[in-house]
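Worksheet: the structure to be examined is printed underneath.
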Amino acid sequence: MADLSTNFIGIRSPNPFWLASAPPTDKEYNVRRAFEAGWGGVVWKTLGQDPAVVNVNGPRYGAIHGAGRRLLGFNNIELITDRSLETNLAEIERVKRDYPDHAVVVSLMVPCEEEAWKAILPRVEATGADGLELNFGCPHGMSERGMGSAVGQVPEYIEMVTRWCKTHSRLPVIVKLTPNITDIRFPARAAKAGGADAVSLINTISSIVSIDLDNFAPQPSIDGKGSHGGYCGPAVKPIALNMTAEIARDPQTAGIPISGIGGVTTWRDAAEFIALGCGTVQVCTAAMTYGFRVVEEMKAGLARWMDEKGYASIEDFRGRAAPNVTDWQYLNLNYVTKARIDQDKCISCGRCHIACEDTSHQAITAMKDGRRHFEVIDEECVGCNLCVEVCPVEDCITMERISGTDPRTGKAIPETYANWTQHPNNPSAAERLQFAPEPVVADAAE
């Protein structure tokens, strides 16, 4: 049986599934229930200074739904904990005392002043908590007060506050990064420069999910008015994976421990984050949608897949995908594929033909011998795989690599690797004696 236990920057937990700093981790009652349900750790909902913040007393959430009301994207306008600092610290101490083998990390957000951080850090440390997570990501409410993403968008502030925390606390420091920035590498580099033990990402994306067309206000609506909130859930996973990969393969940050956040709903989502180098994954929306027991499927699924693949621990595959993420210019232009339709699986719905005919390359037939028949025309197919993605039948359409001559271009397909840096259409290629080699970044798992 695969061993799911983790040792993330010295913080041990029975599995890599942590609840993210959010409503599910706002109080002792919730966290105890989460640990009993099987979660490996929690990041306690963000603590701030007293007097506590004041949350709205009306709707706090908006959503994007798919078929069958499946939750795809989730938006919230809730702030950090609105309970007193003293109450939270007492509860954290009790929870850590009773669950010593589970990870308890405390999220913090106070004004960008050294004295404010210096005052709160020893109080958190006294609870016995395992680590700190600096919330530099929240894009609403707190950012308007000069905290959250207002700090996370300025690398110099990230480095400065991180250094304060490393100076005034012995606990491991995780810096939570905001995705509301042009290039995630710069705040990650700043966190590392400040001495951060790890980074976590992504925090929520600034968003308005919908407009009520009766009262013409953003949802959720408070007395006829709405505000931008933080977007999360399955819809943000692609953004989170990309930003995680950028940090994992950046020469300046490669190897820094990462806690992955953003749309983790299944064991497969978790495995993908771990494959990019993450040591733990944090979950919020899935727990809020399905309850704490969703972790049972996550743990069982991950362990089953690891057993099938022969991985004894998550370290056996952590970071293995990171070296395979590259820039477009280094992709092999001599890799040629064509779509193939399995006629035995085809239900003749015609979606592949319509998509290709109307929006792509007119490379799929609709009729043969007077009957509906969908088949790829190799002379027109560019191998884009749009048909694969719109087909409702799994594995009915697949992509097949071809060799020899490309029927579309009539040209021989070289067996050697070649990329854009040496292509004759590249205006800069003539200035080079040979194509530029792809940069090599150390495996994130090393």
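The values are calculated or read from the model by the stated rules, or taken from the named source; none is laboratory data. The structure displayed is predicted, hence computed values, not measured ones. Here Cβ is always computed from backbone atoms with ideal geometry, including for glycine, and neighbour counts include all displayed protein chains.
Before moving on, here are some points about what is shown:
- Looking across region 300-352, the residues that are within 24 Å of PRO414 (Cβ to Cβ) and either in a loop (DSSP other than H, G, I, E, B) or of a type in the set (Phe, Trp, Tyr) (or both) come down to THR326, ASP327, TRP328, TYR330, LEU331, ASN332, LEU333, ASN334, TYR335, VAL336.
- Close pairs from region 322-334: first over 19 Å from ARG401 (Cα atoms), partner exposed (fewer than 13 other Cβ atoms within 10 Å of the Cβ) and not polar (S, T, N, Q), Cβ under 8 Å, at least 6 apart: PRO323/VAL440
- Among residues of region 238-253, those that are farther than 14 Å from SER200 by Cα and touching a helix residue (DSSP H, G or I) at 6+ places or on another chain (Cβ under 8 Å), counted: 3
- Test for ARG351: is it closer than 30 Å to ASP316 by Cα, at pLDDT 95 or above and not assigned by TED's automatic domain parsing to the domain that holds ALA198: no
- Residue match in region 192-200 (condition: touching a strand residue (DSSP E or B) at 6+ places or on another chain (Cβ under 9 Å) and part of a helix (DSSP H, G or I)): yes
- If only residues of region 111-123 that are in contact with a helix residue (DSSP H, G or I) (Cβ under 7 Å, 6 or more places away or on another chain) and modelled with pLDDT of 95 or more are counted, the one that is surrounded by the fewest Cβ atoms within 10 Å (Cβ to Cβ) is ARG123.
- In region 228-247, the residues that are at pLDDT 90 or above, of a type in the set (Gly, Ala, Ser) and over 25 Å from PRO257 (Cβ atoms): ALA235
- In region 288-337, the residues that are surrounded by 19 or more Cβ atoms within 10 Å (Cβ to Cβ), under 13 Å from ILE274 (Cα atoms) and of a type in the set (A, V, I, L, M, F, W, C): LEU302, MET306, ILE314, ALA321, ALA322
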